[in-house]
Every structure is written in structure tokens, then in C-alpha cells.
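The values are calculated or read from the model by the stated rules, or taken from the named source; none is laboratory data. Being a predicted model, the structure only gives us computed values, none of them experimental. Note: ideal-geometry Cβ built from the backbone for every residue, glycine included; neighbour counts use all protein chains shown.
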């Protein structure tokens, strides 16, 4: 039986702002969800020294089959009167 998320369109966004320069970036991807059990065929997940977390045999991963990928740089405006 397929998981309810399988095939669902979803979005994932990540970004960063550097406080001292008030500059940063943002990346957005949109695609369909796919659940993947185990790590066979997943680049970078087969080496336990590169994994960001410890895993167990029954772990599964939510993958995004990317349909759209966009990003941009940004600069935050200073509030009126802020001359730092």
C-alpha cells in the first residue's frame, strides 16, 4: 500500500541571512514526494561517516523529484534611522 504522501506536490525552501552584512540567499524547490526505504541507490547515504544522523534498518527517506528549482540573493533594508 502506498503512503499518503507518495506523489504529493510539495515545496522545500532553505536560506541564510548574514546579520553583519544583511545579505543572504534563498533556494526553493517544488516537486513530487517519493518515499524511499533503505539507502541503496542514494548517493552519499551509503557512507556512515557522511550521514548527518544515525540510521536504523526501518528508516525511510522523503525525496523530492524536482520539477522546479529557483533561488535568489537578497539584501535586507535597514529601518529608517538605522545608520549602523
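Things worth noting here:
- Scanning the stretch 10-22 for residues that are closer than 15 Å to residue 33 by Cα and either surrounded by 11 or more Cβ atoms within 10 Å (Cβ to Cβ) or touching a helix residue (DSSP H, G or I) at 6+ places or on another chain (Cβ under 8 Å) (or both) yields 10, 12, 13.
- Residue match in the stretch 3-17 (condition: over 13 Å from the mean Cα position of the chain (by Cα) and at pLDDT below 70): no
- Search result, residues across the stretch 30-84 that are over 21 Å from residue 14 (Cβ atoms), at pLDDT below 75 and surrounded by fewer than 10 Cβ atoms within 10 Å (Cβ to Cβ): 40, 41, 47, 48, 49, 54, 56, 57, 58, 83, 84
- Among residues of the stretch 18-31 that are without any contact (Cβ under 8 Å) to a residue 12 or more places away in the chain and at positive phi, none has a Cβ under 6 angstrom from a residue that is loosely packed, with under 14 Cβ neighbours inside 10 Å and in a strand (DSSP E or B) at a sequence gap of 6+ or on a separate chain.
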